[in-house]
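Notes follow once the structure below has been shown.
What follows draws every value from the coordinates through simple rules; no lab data is involved. Not measured: the values here are computed from a predicted model.
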Amino acid sequence: ALRPYRSRSVHEAAQRTVDAGTEQGAAIVEATVVKAALAALQNSRPADEVAVPSATDTASRAGDLRAETQWLLRIADAYAHRETVRVADGGQPEAVGA
């Protein structure tokens with residue numbers, strides 16, 4: 001349901017803000033994209049360019065329910081605790097405290 005609202009620019013900006021090469025950083029990026037997508041959905045503003053999950057992210061967990069559950073819990077934790085990245089009014093992520 002959120003796919004049309006997943007902003008590629010938010011995804012790329014979040015990747016530049018955190019170390020997206022770690023699992024925690026990747027979860028923060030995904031939580032940021034989800035948060036921005038929910039705001040865009042609420043405002044009926046689909047993304048200009050849609051961000052899709054990378055094939056390597058999902059391929060490494062394919063068929064592994066435990067790994068997928070741990071991944072979703074990391075995203076939920078990052079989302080709930082607003083770690084390192086927040087979505088500003090313009091829909092762009094910024095470092096907390098910026």
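Summarised as an ellipsoid, the range 1-50 has semi-axes of 20, 10, 7 Å, derived from the eigenvalues of the Cα gyration tensor scaled by 5 and square-rooted, with the largest first.
For VAL50, the residues 5 or more places off, or on other chains, whose built amide H falls under 5 Å of its own are ARG8.
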